[in-house]
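Reviewing the structure listed below.
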Amino acid sequence: MPELPEIEALRRSLEGPVARTAVERAGPTHVATLKTFDPPLHALEGLQLAGARRRGKHLLFPASSADLVLHVHLLSAGRLVYVRAGGRLPGAPAFRLRFADGGELVLTERGSRRRARVGLYRTGEIEAELEHLGPDALGIGPERLAEILAVAPRRLHPLLRDQRALAGIGRAWASEILHRAGLSPFALSTSLERRAVERLAAAIDSELGRGLELRERGLRDAKVYRVHGRAGEPCPTCATTLARVAFAEHTIAYCPACQTGGRVLADRRLSRLLR
């Protein structure tokens, strides 16, 4: 799933092109992708967008002269691209937005399941739609992070992924951040000492910043992730073999030496030891 570095890199790449000329045609959109009907999507036609915004993992495209905001959430398999006039359009689009200069904003989705979301909202409505999101993870700082960690005792990896607590981090970057901070993915949020909280806040900024820089350079996963998806490989810090905790639908990568004091965590598919 695209996370904050990927979405922010995408936002920056779209900022100029989508604001260049007015929307000529909004749609067509797959019936499972469009999540709103009032205002109708064609209300964007003839309007110019005021660039691209981001809230956590969500992309927002406000109209410059009307109280309308186009919302796009890619979820796990969505891909959003801007195609210049005359360029080759990707196949099987789930959503298209054509501009007066011939450029198009196109959403596609891998696989047969349609999870990506597109909607047109008024400003107050989109604010209500996204009000459940916590503060943006990038630049959170140790003081605000300490407040979030202290709300209730929670394991760090799922807490970092909880968009209601902290917006923008998913499975991959949670693993990268915790490795950088030298913290176990299952350490309790309320058990961290101040120095550990400071390390975690610094790791959030450094890892998300590193990811953003590399994604803007066009690098793929293999050149971006240092621990995510690399179980069985040497730790980039100490050369210990990276381990993983496997769940039904995802895995958590970590270094036993750097993060868990040498302890190998139980595989959650086979054990209920860790809760």
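Here are a few things to note about the model shown:
- Apart from one condition, Ala246 fits all of (1) more than 23 Å from Leu149 (Cα to Cα); (2) in contact with a His (Cβ under 8 Å, 6 or more places away or on another chain); the exception is (2).
- Glu104 vs. criteria among the charged types (D, E, K, R), at pLDDT below 95, touching a strand residue (DSSP E or B) at 6+ places or on another chain (Cβ under 8 Å) and not assigned by TED's automatic domain parsing to the domain that holds Pro236: no
- The residue list Pro5, Pro40 contains one member that is within 27 Å of Asp136 (Cβ to Cβ), at pLDDT 95 or above and not aliphatic (A, V, I, L, M), which is Pro5.
- Single residue of segment 37-92 satisfying the filter (touching a residue at least 40 places away in the same chain (Cβ under 8 Å), of a type in the set (D, E, K, R) and farther than 21 Å from Ala22 by Cα) that is surrounded by the fewest Cβ atoms within 10 Å (Cβ to Cβ): Arg55
- Out of Arg230, Arg244, sole residue that is charged (D, E, K, R), closer than 15 Å to Thr260 by Cα and in contact with a strand residue (DSSP E or B) (Cβ under 7 Å, 6 or more places away or on another chain): Arg244
- Matching entry among Ala202, Ala239 (being out of contact with any helix residue (DSSP H, G or I) (no Cβ under 8 Å at 6 or more places or on another chain) and of a type outside the set (Ser, Thr, Tyr)): Ala239
- Selected residue (criterion: nearest to the chain's Cα centre (by Cα)) from residues of segment 69-108 that are closer than 17 Å to Ala52 by Cβ and among the small types (Gly, Ala, Ser): Gly78
- Checked against (1) on the phi > 0 side of the Ramachandran plot; (2) of a type in the set (A, V, I, L, M, F, W, C); (3) part of a strand (DSSP E or B), Phe61 meets all criteria but (1).
- Of all residues in segment 176-217 being out of contact with any Lys or Arg (no Cβ under 9 Å at 6 or more places or on another chain) and closer than 21 Å to Ala266 by Cβ, the one that is surrounded by the fewest Cβ atoms within 10 Å (Cβ to Cβ): Ser191
- Lone qualifier among Glu45, Glu8, Glu3 - being acidic (Asp, Glu) and touching an Asp or Glu at 6+ places or on another chain (Cβ under 8 Å): Glu45
- A single entry from Arg114, Arg144, Arg155, Arg161 fulfils the requirement of being surrounded by 15 or more Cβ atoms within 10 Å (Cβ to Cβ) and free of Cβ contacts under 8 Å to residues at least 24 places away in the same chain: Arg161.
- Evaluation of Leu107 against the conditions (1) in contact with a helix residue (DSSP H, G or I) (Cβ under 9 Å, 6 or more places away or on another chain); (2) buried (at least 20 other Cβ atoms within 10 Å of the Cβ) shows that the sole unmet condition is (1).
- Residues that are in a strand (DSSP E or B) and in contact with a helix residue (DSSP H, G or I) (Cβ under 8 Å, 6 or more places away or on another chain) within segment 11-24 comprise just one, Val23.
- Pairs where the first residue, in segment 8-34, is in the same structural domain as Pro62 (by TED's automatic domain parsing) and within 21 Å of Glu109 (Cα to Cα) and the second is modelled with pLDDT under 95 and charged (D, E, K, R), C-beta under 8 Å, 6+ apart: His30/Arg114; Ala32/Arg114; Thr33/Glu109; Thr33/Arg114
- Where a residue in segment 118-134 is among the aromatic types (Phe, Trp, Tyr) and its partner, wherever it lies, is in a loop (DSSP other than H, G, I, E, B), with Cβ under 7 Å and at least six apart: Tyr121/Thr36
- Pro185 meets each of the listed conditions (1) free of Cβ contacts under 8 Å to residues at least 60 places away in the same chain; (2) part of a loop (DSSP other than H, G, I, E, B); (3) farther than 29 Å from Phe61 by Cβ apart from (1).
- Residue list for segment 22-33, restricted to those being within 19 Å of Arg53 (Cβ to Cβ) and touching a Gly at 6+ places or on another chain (Cβ under 9 Å): Ala22, Val23
The values are calculated or read from the model by the stated rules, or taken from the named source; none is laboratory data. Quantities reported herein were computed from a predicted structural model and do not represent experimental measurements. Counting neighbours? That spans all protein chains shown, and the Cβs are built from the backbone with ideal geometry, glycine included.
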